[in-house]
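Everything below concerns the one structure shown next.
The values are calculated or read from the model by the stated rules, or taken from the named source; none is laboratory data. Keep in mind the model is a prediction, meaning the values are calculated, not measured. Counting neighbours? That spans all protein chains shown, and the Cβs are built from the backbone with ideal geometry, glycine included. Surface accessibility is based on the protein's heavy atoms, side chains included, excluding ligands, DNA and RNA. Shrake-Rupley method; radii C 1.70, N 1.55, O 1.52, S 1.80 Å.
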Amino acid sequence: MNLITRPATPFEGQRPGTSGLRKKVSVFQQPGYLENFVQALFNVLGDARGKTLVVGGDGRFYNRVAIQTILRMAAAHGYARVLVGQGGILSTPAMSAVIRSRSASGGIVLSASHNPGGPDGDFGIKYNIANGGPAPESVTEAIYLRSREITQIQILDSPDLPLDALGTHALLGTTIEIIDPVADYSAVQRALFDFDAIRALFARGFRLRLDTMWAVGGPYAKAIIEGELGAPEGTVVNATPREDFGGLHPDPNPVNATDLIDHMRAADAPDMGAATDGDADRNMIVGRNFAVSPSDSLAVLAAHATRIPGYAAGLAGVARSMPTSTAVDRVAAKLGIACFETPTGWKFFGNLLDAGKVTLCGEESYGTGSSHIREKDGLWAVLFWLNLIAVTGQSVEQLVRALWAEHGRCVYSRHDYEGIPTDQADALMRDLRAALPDLPGTILAGEPVAIADDFAYTDPTDGSVSSKQGVRIILQSGSRVVFRLSGTGTEGATLRIYLERHAPDPAHHDLPAQQALAPLVALAEQVARVRHFTGMDTPSVMT
Ligand code: VG1
Ligand code: CO
């Protein structure tokens with residue numbers, strides 16, 4: 001077992017996006033590609049002596065190969081201890097839980113999350129810091145800069161380690177420990193929720209269908225929902241992680257989780273449906289013939305949080321990403337707590353959570369979480385809903401309708417235009433930004449424009465500024481259209497247009513969202529010439 005130093009030349013484009021570096025598997029398979037990025041990361045992190053690193057991923061194709069490489073490099077870099085999830089598995093929320101419970105200095109997550117997997121799919125790598133959350137932009141940017149000047153990598157020429165059995169191995173001076181990927185995570189959930197109440201709910205015959213989409217959420221859901229909470233076997237479906245997610249797109253929304261939606265529409269539909277994504281940090285909640293918008297889900301959880309043991313003392317505050325609907329703002333105002341608006345991506349919530357300014361946070365993209373860890377957490381959201389249903393006796397639909405009755409409905413949709421040539425997408429955003437100064441005061445969709453700007457965020461704890469986080473056009477009534485380009489895609493550019501309209505009148509609550517939002521779609525076309533730049537008449541995906 002020798003420590004070797006290999007010459008390396010930089011690869012273009014190793015800049016992490018919204019959530020780590022994501023590329024086609026074939027890009028990661030280029031000799032030295034992964035090594036360069038990991039070397040850049042270790043160079044930025046500095047002295048590893050005495051430190052513990054956690055490594056794990058969502059089990060997608062290339063996970064095992066990448067982990068072996070990372071273990072050789074971590075040992076070469078001098079880590080005291082590396083913890084690896086058994087079989088190379090750690091969901092993103094479990095990674096966060098393990099970093100925190102084992103006082104690790106950080107962790108490397110191998111996942112492209114909701115992106116498809118398999119040899120022709122996507123792969124990804126992300127670094128989480130000691131608080132358990134995604135590295136902030138200052139760190140990801142430093143890694144990128146370092147990746148551009150890599151000249152050598154350090155690695156061991158050691159054989160692969162067995163990852164499938166629990167146990168301890170030595171690599172040079174580093175102890176490699178294969179750990180149970182579920183235990184630390186389960187302990188965190190057990191401390192938050194009333195497991196007895198949820199157990200009693202299932203014992204009364206409550207029916208849940210939890211679709212883990214052939215992804216990493218399966219083992220966690222099986223252990224907790226069917227194991228500890230006594231839900232009947234078969235409650236968790238598509239539960240065996242597959243390297244290609246069964247050829248499907250592991251993104252829990254009504255467009256990709258069609259099987260679940262069909263079950264929830266059937267005459268004998270279960271009481272509640274839910275789905276989680278590739279790395280188990282996203283969640284979709286569905287009632288009988290009733291899909292819950294993620295922004296509404298966050299608002300419902302905030303409104304009822306004190307009914308949950310872990311949040312009985314009340315919420316310090318809440319946070320949502322800018323494009324997420326303002327439903328939670330209305331709940332926060334009623335509760336008399338602060339509501340923060342951050343750029344897209346979980347990395348911006350970490351400082352607010354660390355500073356104790358917020359307890360719950362969420363995004364419109366099917367992500368919800370809390371101060372229990374520093375990542376969004378799919379199964380946590382499912383447990384939260386189950387606990388609420390158990391103690392209120394209300395159905396999913398009743399809980400959402402009560403929110404609408406009290407605060408009005410924030411009718412919401414996101415339209416994605418995928419695979420646009422990058423220069424066309426950039427041109428759309430450039431023209432749109434140029435038009436912003438003239439918009440305030442003009443009449444669009446029948447009302448005056450109140451605000452037209454490019455969202456910039458100043459972190460209230462460290463003062464760091466993130467600019468150009470999405471163009472927003474907000475009308476006098478609060479209706480708004482937001483435009484931004486995705487930072488997780490791997491083919492061309494994806495334009496996201498977020499549409500929100502507040503409907504206070506209950507008579508309007510059952511209007512189909514796309515119909516209610518049609519004037520805002522027309523507004524988007526008028527100001528941004530979406531058809532012209534995307535070459536598409538309709539979005540690729542509407543959620
Ligand atoms: C998307 C979502 C964003 C989410 C991110 C990571 O980013 O919009 O809300 O935080 O994915 O989610 P973008 O830049 O493509 O819009 V996950 O579950 O893929 O890690
Ligand atoms: Co995810």
- Check: C-alpha center segment 76-126 vs C-alpha center segment 481-534, spacing in Å is 34
- Message: Over 20 Å apart: what share of the alpha carbon pairs of segment 446-543 falls there, rounded to a whole percent?
- Response: 47
- Task: Take every Cα pair under 8 Å in segment 2-181 that's 6+ residues apart, average their separations, divide by the length, and report that relative contact order as a whole percent.
- Result: 36
- Within segment 176-295, percent of DSSP bridges classed antiparallel, to nearest 5: 50
- Task: Subtracting the Cα-Cα distance from 0.36 nm times the residue separation, let me have the gained length for Asn131 to Thr306 in nm, one decimal.
- Result: 60.5 nm
- Item | 19 Å cut-off, amide nitrogen to a point 7 angstrom out along Ser540 Cα→Cβ, residues in segment 337-378 | 365-366
- Segments 122-132, 213-223, 407-417, 90-100 sorted - mean Cβ within 10 Å per residue, highest first: 90-100, 213-223, 122-132, 407-417
- Message: If you split all Cα-Cα distances of the chain into 10 Å bins from zero, what percentages do you get per bin, shortest first?
- Response: 4, 19, 30, 27, 15, 5, 1, 0
- Can you give the extra length, in nm with one decimal, that the chain gains between Val65 and Asp47 once fully stretched, where that is 0.36 nm per residue apart less the Cα-Cα distance? 4.0 nm
- Query: In square angstrom, what is the accessible area per residue of the chain with a 1.4 angstrom probe?
  - Reply: 36
- Query: Could you list log10 I(q)/I(0) for segment 185-407 at q = 0.16 Å⁻¹, which the Debye formula gives when each Cα is one point scatterer?
  - Reply: -1.07
- Which peptide among 48-58, 349-359 comes first, and what is the full order, when sorted by highest mean count of other Cβ atoms within 10 Å? 48-58, 349-359
- Message: For a quick check: with amide H placed at 1.01 Å from N, whose amide H comes under 5 Å from Val54's, ignoring anything fewer than 5 positions away on the same chain?
- Response: Leu83, Gly106, Gly107, Ile108
- Message: Can you order the peptides 330-340, 76-86 by their average number of other Cβ atoms within 10 Å per residue, highest first?
- Response: 76-86, 330-340
- Message: Tell me the relative contact order for the chain as a rounded percent, counting alpha carbon contacts under 8 Å between residues six or more apart.
- Response: 13
- Rounded to the nearest 5, what is the percent of antiparallel bridges among the DSSP beta bridges in the chain? 70
- Query: Which distance in Å, rounded to a whole number, links the C-alpha centroids of segment 273-326 and segment 400-463?
  - Reply: 22
- Take each complete run of DSSP H in the chain, measure how far its Cα atoms stretch along the helix's own axis, and keep only those covering 24 Å or more with mean Kyte-Doolittle hydropathy at least -1.0; list them. none
